[in-house]
Amino acid sequence: MSKQNILTIGALLMFIFGAVMIYLGAIKPDKIILPPFISGLGFLVVAWVFIGLRKL
């Protein structure tokens, strides 16, 4: 994978996770425990991007 592909996929996934967090926080903030899980996935995406960029 090239750096551009890694950055594009990472940015897209972070955008999706961020939109889901905002949606869940606005609709059902007291009934859902998923935002910490989704933010954790966001951190994994960031880690994946940095690992991919380090190897290139």
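From the list LEU24, LEU12, LEU34, LEU56, which residue is at pLDDT 80 or above and of a type in the set (A, V, I, L, M)? Exactly one of LEU24, LEU12, LEU34, LEU56 is at pLDDT 80 or above and of a type in the set (A, V, I, L, M), namely LEU12. Scanning the stretch 1-16 for residues that are in contact with a Gly (Cβ under 7 Å, 6 or more places away or on another chain) and farther than 18 Å from LYS55 by Cα turns up just one, MET14.
The values are calculated or read from the model by the stated rules, or taken from the named source; none is laboratory data. Everything numeric here is computed off the predicted structure, so don't read it as measured data. For neighbour counting, all protein chains shown are included, and Cβ atoms are generated from backbone atoms with ideal geometry for every residue, glycine included.
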